[in-house]
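Just below is one structure, and these are the notes that go with it.
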């Protein structure tokens, strides 16, 4: 079965997913798109032979659309996810699931009332080859119980509209979801430390060091540096009782020349996680095509990530430890 997809939002990630669904993956056809920028929507639709709908509600309600992909502006996500649930359609929503944990709870309740899982949230790191291999080591028990995890999330720069809280809600939120999945447990408390500010930060508090306390007592530290200049660099190392396991280097090649040694660093998230994006959408499509509920991160994961992010922002504001409250 070919899954007919309606895409809400044709910005950078929306266009990348349309390309992916049309040229890279199997079992999908983009049949409808919409965007507040109608000219951009028409351009994207023309590339894949899709029609342009007036708005997101029209995409969800289109009888020719089997499943919905939400890649619009974050504050609109909850509206389109709830509409998809009401229509009984599978919906893949890029993060965030909603603007607040309370809005995420509305989605959870709507999905529970529907009686089946219909929502998947786009936390693509769970599909990355390196992270999956790291989790396999942790799950095997070969390094003993995990005690610590060190994470780094480094961007060369961020756009001018990047807000102070975005370092948590747009960047560190990936690590927040990742460690919940890596250890199979919830985050129970958060602290945020403010190191000396980067002169490249343009007034942002950058970097941040976020400390996550897990249910088991394991501690995770997340360095978020969003103006580090040299490239997009994602790191992770788990310290266990009997050893450690870490992500490998990003580049498959190391060059030695002219008295130096170099290894290329990805320029942005699309280069670093391209294959993870491919895998997450292909696995989602395969399940939708056969009528199975999605297995990837769902509404609860979107809610938990939002709740931890809110606690982290409160910890940043107060300069103190904040307990994470989950329903």
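The values are calculated or read from the model by the stated rules, or taken from the named source; none is laboratory data. Since this is a predicted model, take the numbers as computed values, not measurements. A quick note on method: Cβ atoms are made from the backbone with ideal geometry, for glycine too, and the neighbour counts reach across all protein chains shown.
Name the single residue that is farthest from residue 159 (Cα to Cα) among those in the stretch 235-257 being in a strand (DSSP E or B) and touching a helix residue (DSSP H, G or I) at 6+ places or on another chain (Cβ under 6 Å).
Here the answer is 245.
List the number of the failed condition for residue 245; all other conditions in (1) buried (at least 16 other Cβ atoms within 10 Å of the Cβ); (2) within 30 Å of residue 165 (Cα to Cα); (3) modelled with pLDDT of 95 or more hold.
(2)
Considering only the stretch 158-193, state which residues are assigned to a loop (DSSP other than H, G, I, E, B) and modelled with pLDDT under 95.
Residues satisfying the conditions are 158, 159, 160, 161, 162, 163, 164, 165.
Within the stretch 44-86, which residues are in a strand (DSSP E or B) and closer than 20 Å to residue 1 by Cα?
If the condition is that a residue be in a strand (DSSP E or B) and closer than 20 Å to residue 1 by Cα, then 67, 68, 69 are the ones that fit.
Among the residues of the stretch 264-275, is there at least one that is buried (at least 18 other Cβ atoms within 10 Å of the Cβ) and in contact with a helix residue (DSSP H, G or I) (Cβ under 8 Å, 6 or more places away or on another chain)?
yes
Does the stretch 87-129 hold any residues that are surrounded by fewer than 17 Cβ atoms within 10 Å (Cβ to Cβ), under 18 Å from the mean Cα position of the chain (by Cα) and either assigned by TED's automatic domain parsing to the domain that holds residue 311 or in a helix (DSSP H, G or I) (or both), and which are they?
129 - this is the single residue of the stretch 87-129 that is surrounded by fewer than 17 Cβ atoms within 10 Å (Cβ to Cβ), under 18 Å from the mean Cα position of the chain (by Cα) and either assigned by TED's automatic domain parsing to the domain that holds residue 311 or in a helix (DSSP H, G or I) (or both).
I'd like to verify a number: residues in the stretch 171-190 that are surrounded by fewer than 20 Cβ atoms within 10 Å (Cβ to Cβ) and either more than 14 Å from the chain's Cα centre (by Cα) or without any contact (Cβ under 8 Å) to a residue 24 or more places away in the chain (or both), how many?
Of the residues in that region, 5 qualify.
Which of the following residues is under 20 Å from the mean Cα position of the chain (by Cα) and without any contact (Cβ under 8 Å) to a residue 60 or more places away in the chain: 280, 295?
Within the list 280, 295, the selection yields 295.
Does the stretch 200-222 hold any residues that are crowded, with 19+ Cβ neighbours inside 10 Å and at pLDDT 95 or above, and which are they?
207, 208, 210, 212, 214, 218, 220, 222
Here's a check for you: in the stretch 131-162, which residue that is under 18 Å from the mean Cα position of the chain (by Cα) and surrounded by fewer than 20 Cβ atoms within 10 Å (Cβ to Cβ) is nearest to residue 219 (Cα to Cα)?
152
So in the stretch 1-16, with the set limited to residues that are more than 21 Å from residue 54 (Cβ to Cβ) and in contact (Cβ under 8 Å) with a residue 12 or more places away in the chain, which one is surrounded by the fewest Cβ atoms within 10 Å (Cβ to Cβ)?
1
What do you reckon, is residue 69 touching a helix residue (DSSP H, G or I) at 6+ places or on another chain (Cβ under 9 Å), within 13 Å of residue 10 (Cα to Cα) and surrounded by 15 or more Cβ atoms within 10 Å (Cβ to Cβ)?
Yes, satisfied.
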